[in-house]
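**Student:** Before I ask anything, let me first share the structure, which is written out below as structure tokens.
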Amino acid sequence: MLTSFAAGVYVICPTPFESDGRVDVASTDRMVEAYLEAGATGLTILGIMGEAPKLAADEALAFARQVIATVAGRVPVIVGVSAAGFAAMSGLSSKVMDAGAAGVMIAPPSTLKTDDQIVSYYADAVEAIGTDVPWVIQDYPLTTNVVMTPKVIIRIIEQSPSCVMLKHEDWPGLDKITALRRASDAGQVRRVSILCGNGGMFLPFEMERGADGAMTGYAYPEMLVGVVNLINEGKRKEAHDLFDRHLPLVRYETQPGVGLAVRKYVLKRRGIIATDTLRKPGPKLSPETIADIEWLMERIERP
């Protein structure tokens with residue numbers, strides 16, 4: 001089961017598709033093994049970058065079961081269960097936990113406008129999935145348009161003992177990490193794990209502010225693992241040097257709209273997935289964009 005001590009790099013997995021749009025079973029197994037070989041301490045599936053809304057319910061469950069079976073208990077698997085209604089959330093959560101998931105992740109719907117609405121929504125979500133299911137708050141206002149202040153996050157943590165992690169993707173958000181860590185250090189709130197997203201754009205600084213690691217899907221996950229390990233070893237310069245080598249591609253891959261297409265292209269070029277297919281609707285990379293990506297990959301991989 002997922003706990004508040006979770007740390008390291010939980011790689012956000014895309015959903016591989018064959019050229020005709022079917023879920024690519026062979027690439028899924030290969031992707032999981034590649035991420036584990038890169039040093040992932042966990043995997044997260046069916047998130048925003050996993051094209052979860054484009055999957056039918058049976059496809060999402062089959063994909064989750066395959067990833068969990070392939071991992072075979074080697075690392076925890078978190079499953080995104082965000083849904084328009086609590087019935088769907090409850091159903092998927094129950095099935096993936098039965099399959100061996102370590103916990104679930106829940107993003108708030110964009111309809112939430114006030115602090116009380118946000119806190120109430122998560123109370124209802126916990127009731128839907130069950131108080132025994134470890135779960136993750138996904139704080140991604142750039143996509144959800146829901147702004148959660150540290151005080152709101154603290155209220156959610158206090159009302160739900162089964163909340164064990166914050167996926168922090170606010171931007172700018174470094175001071176939010178600092179505020180939450182100061183609150184837990186002062187005993188004002190129970191400490192939970194904080195893993196950060198946004199493609200790893202600010203990962204070294206997030207670690208230095210008190211984050212426990214990353215939960216994102218950059219196409220070179222070994223960089224994320226390396227930065228987290230180096231920061232934990234007190235090797236700040238080495239960590240930033242490694243990060244800086246990858247930063248141009250991290251930035252390119254973090255572009256709204258086209259970012260997942262870039263990530264899948266790189267994963268295909270690296271032999272991790274067979275195609276870079278996105279389910280429609282989705283962008284297609286122009287020849288000029290592909291040339292940019294090839295240039296960035298060449299710079300990363302040169303001796």
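The values are calculated or read from the model by the stated rules, or taken from the named source; none is laboratory data. For clarity, every value in this text was computed on a predicted model and none was experimentally measured. SASA here: full protein model, heavy atoms, side chains in, ligands and nucleic acids out. Shrake-Rupley method; radii C 1.70, N 1.55, O 1.52, S 1.80 Å.
**Student:** Find the accessible area per residue for the chain; the probe is 1.4 Å, ligands and nucleic acids are left out, and the unit is Å².
**Tutor:** On a per-residue basis, 43 Å².
**Student:** Take the solvent-accessible surface of the protein heavy atoms, probe 1.4 Å, and return the percent of it on the chain that carbon and sulfur atoms account for.
**Tutor:** Exposed carbon and sulfur together represent 54 percent of the surface.
**Student:** Relative contact order for the chain: what percent, with Cα pairs under 8 Å and sequence separation of 6 or more?
**Tutor:** 20 percent
**Student:** What translational diffusion coefficient, to the nearest whole µm²/s, does region 107-218 have by Stokes-Einstein, given a Kirkwood radius computed over alpha-carbon pairs, a temperature of 10 °C and 1.306 mPa s viscosity?
**Tutor:** The calculation lands on 113 µm²/s.
**Student:** Moving to a separate point now. Greater than 24 Å separation of Cα atoms is the criterion. Which listed pairs, LYS54/LYS95; LYS54/LYS113; LYS167/LYS264, meet it?
**Tutor:** LYS54/LYS113
**Student:** Can I ask one more? If GLU33, GLU253 are ordered by their accessible area, calculated over protein heavy atoms with a 1.4 Å probe, which sequence runs from highest to lowest?
**Tutor:** GLU33, GLU253
**Student:** Note the listed values (i) 22; (ii) 45; (iii) 31, then indicate which one is percent of Cα pairs over 32 Å apart calculated from this particular structure.
**Tutor:** Of the labelled values, this structure produces (i).
**Student:** Continuing with the same structure: At 1.4 Å probe size, what's the solvent-accessible area of VAL67? Round to the nearest 10 Å².
**Tutor:** That residue has around 0 Å² of solvent-accessible surface.
**Student:** Would you kindly calculate the translational diffusion coefficient of region 53-111, applying Stokes-Einstein with the Kirkwood radius from alpha carbon pairs, for 20 °C and a viscosity of 1.002 mPa s, and quote it in µm² s⁻¹ without decimals?
**Tutor:** Rounded, D is 182 µm²/s.
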